[in-house]
1. Would you mind telling me which residue in K161, K389, K401 has the biggest mean-square fluctuation in a Gaussian network model of the chain, where springs connect alpha carbons within a distance under 10 angstrom?
2. Amide H neighbours of G372 under 5 Å, counting only residues 5+ apart in sequence or on other chains, H built in-plane at 1.01 Å?
3. What number comes out for the charge environment of T100, summing +1 per Lys or Arg and -1 per Asp or Glu over other residues with Cβ under 14 Å away?
4. Who wins for biggest fluctuation among S320, S154, S188 in a Gaussian network model of the chain, springs between alpha carbons below 10 Å?
5. Past the 30 Å Cα-Cα mark, which pairs from K220/K343; K47/K145; K84/K220?
6. For a quick check, take a GNM of the chain with Cα springs below 10 Å and name the residue from T290, T304, T266 with the largest mean-square fluctuation.
7. Just from the alpha-carbon atoms, what are the Rg and Dmax of the range 302-415 in angstroms?
8. Tell me the mean residue ellipticity at 222 nm calculated for the chain from its helices only (DSSP H runs of n ≥ 4, each -39500 (n - 2.57), averaged over every residue, nearest 500).
Amino acid sequence: MKVTIKQSVLMEALSKGGLAALSDTAQTDTSNLSLIIQSVKISATDKFTVESLSSMMSSKFSVDAKIENGIDIQEKGTILIPAKEFVDWTKIQGQGNDSTISMVLNELPTPEIINPLDDVSDEDVGRFAIKKIGSVKFASKDTAKTSGKWELDSYDPDHYKPVNFDDKGTKHFEVKAEHFIDALSRISFASVKSDWEHYLDNISVQAYNDSLYLLTTDTKRCALFKLTTVNGVECPDPLLIPIPLLDQIAKHSNKENLLSFNYNGTEDKVYISQANFEVRIVSADKDFVTKFPSIKMLLDKKYTLLGDITKAALNKILVSASLVNASSALFSFKEDKNIIAIKAISEDNKYKPHVSTAKASELARDAKVIWGVTHLIQGLNSLNDDVVKIYTPSTDLGSVKLVGAQEDSFSYFAMAVTNPKYDTK
């Protein structure tokens, strides 16, 4: 293989096609095949293609190999090289002036067998041994005539099992990447960061009343986002998609392009596609799908307006209360004075009780309830509105719902909490 490519084009191909190999899952892999899992497969034919895979994800980026795309293939071929090392070197070559990078494969007369672990038995050598087929020499040169040279081992590309991205299963929906990225950034906080069952660290995708919603929860609160730029909902079945993997895909997506979501039930895999960019990720166990709160349940439950308050005022009294007790505080709503008061009592009696008040626009009734302070602050931070509407269920004060006065895409639900330090009578 012999290729010359612009550094910026190569970096895009490596960051997207090498997404799986560069992930934490791949980079911390210690199995016998870690060398392969941490490598990228680069193919130079009529297209320039970069692929990688791990136990959680497979990724592929492919672009036409044309001079106008910054790619000149003098000799076709395929290499399999360490991903992180090559990305780190390529990134450096882009500092300053425009760079062009050449890649040339020097093949060995006979492939070398690499035994990655000393404790592999003789009968397993053929199964776990990795073949080194040669080395790839890299050279970079920029417009200021700064140059660099390097070399990496190349393994047998046959070690890489290609993913058939044409067999994506059922198409669910398409959405503009910018809108999906915004939704993801605003609701991820309500999930569990590291769930041992691996379902509360997912986003639930659910269709309801011809609209599509994204939902996260840690069982004590829910963050809900309505996608308003969806190009049709072609499958009503719910999906669960791991947030850490979605975060990586969002980071490398073109914001102006559409993201297409498909689900292959046979493989239990979610396929996410964009122009030139394909990713396959694992889905949470099917049994967990029904464990997530139902969008219908959340939206059909009757809530009544308790009052309106500016986001700035509510945030100020919440943050003040959190200095004394971040986990819980007593919220008192006084209809005759249109005042919201928050009383925070220290759990360990380290601080004196703290009371802060704020003027509401108009309160519908008196109420006393205990809510989690930090939970409300985090939900409030995801509201893109200057005025917050506070709702409680029609029949009880068991939960609270926050929405913006103008924006209806985002809703936040949180359960009331119990604490004997506070009197709610």
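1. The residue with the greatest mean-square fluctuation here is K161.
2. Here the answer is V417, since their amide H atoms fall under 5 Å of that of G372.
3. Numbers: positive: K2, K6, K141, K145, K149; negative: D72, D98, D142.
That sum, taken over residues with Cβ under 14 Å, equals +2.
4. S320
5. Values: K220/K343 21 Å; K47/K145 28 Å; K84/K220 39 Å.
Flagged as over cut-off: K84/K220.
6. Ranking T290, T304, T266 by mean-square fluctuation puts T266 first.
7. 13.2, 41
8. Numbers: 12 runs with 89 residues, N = 425.
Mean residue ellipticity at 222 nm (helix-derived): -5500 deg cm²/dmol.
Bear in mind these aren't lab numbers, they're just calculated from the coordinates by the rules spelled out. The structure displayed is predicted, hence computed values, not measured ones. As a convention, Cβ positions derive from the backbone with ideal geometry for all residues, glycine included, and neighbour counts pool all protein chains shown.
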